[in-house]
1. Could you pull the Rg and Dmax for the chain, using just the Cα atoms, both in Å?
2. Out of I65, I94, I46, any idea which swings most in a Gaussian network model of the chain, alpha carbons joined below 10 Å?
3. Please compute the contact order of the range 9-97 in relative form: average sequence separation of alpha-carbon pairs under 8 Å and at least six residues apart, divided by the residue count, as a percent.
4. At a Förster radius of 22 Å, what calculated FRET efficiency corresponds to the Cβ-Cβ distance of R20 and S47, to the nearest 0.05?
5. Cut-off 18 Å, label point 7 angstrom out along Cα-to-Cβ of R32: give me the residues of the range 39-64 whose amide nitrogen falls inside.
6. Quick one: dipole size for the chain, taken about the Cα centre, charges +1 on Lys/Arg Cβ and -1 on Asp/Glu Cβ, in debye to the nearest 20.
7. Roughly speaking, what is the stretch gain from M75 to R107, that is 0.36 nm per residue apart minus the C-alpha to C-alpha distance, in nm to one decimal?
8. State, to one decimal in nm, how far the label point of D96 lies from the label point of R10, with both points 7 Å from Cα in the Cβ direction.
Amino acid sequence: MEQRNANHYRLPIPVQHLLRKLGQDIRNARRRRRIPTSVLAERASISRTTLLKLEKGNPGVSLGIFATVLFSLGMSDRLADLADARHDQTGIAIEDESLPERIRKRRK
């Protein structure tokens, strides 16, 4: 069985930048709260190594771990809004284009 590694797939460069920014933002939030990496890792039930990978924006860190770390920092509420339909301007615009011109009353 072939072993998968980080070079097995290539992420688009903008996605790589976004992951790095997310990791840096989480690192800054941890530092603002004066929480050592060992303490946050323990609170999130992950290893310190995994936390450091997350803070560097490593794409191999699971979404579940991101969510748990955000929860441990008291920031998980914003995670639910990431793909919320209310914030999907493109989807709303496409939906608005396909609205019917007129609505007819159904005949009986």
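1. Rg and Dmax of the chain, Cα atoms, are 20.5, 70 Å.
2. I94
3. Working: 57 pairs, mean separation 23.3, N = 89.
The normalised contact order for the range 9-97 reaches 26 percent.
4. Working: r = 20 Å, r/R0 = 0.93.
So the FRET efficiency works out to roughly 0.60.
5. Correct set: 40, 55-56.
6. Working: 22 positive and 12 negative charges, 49 e Å.
It comes to approximately 240 debye.
7. Details: separation 32, 0.36 × 32 = 11.52 nm, distance 5.25 nm.
6.3 nm is the gain from fully extending M75 to R107.
8. Roughly 3.7 nm, to one decimal.
All of the numbers you see were taken from the coordinates with simple rules; none came from a lab. Fair warning: this is a prediction, and the values are worked out from it, not measured in the lab. Counting neighbours? That spans all protein chains shown, and the Cβs are built from the backbone with ideal geometry, glycine included.
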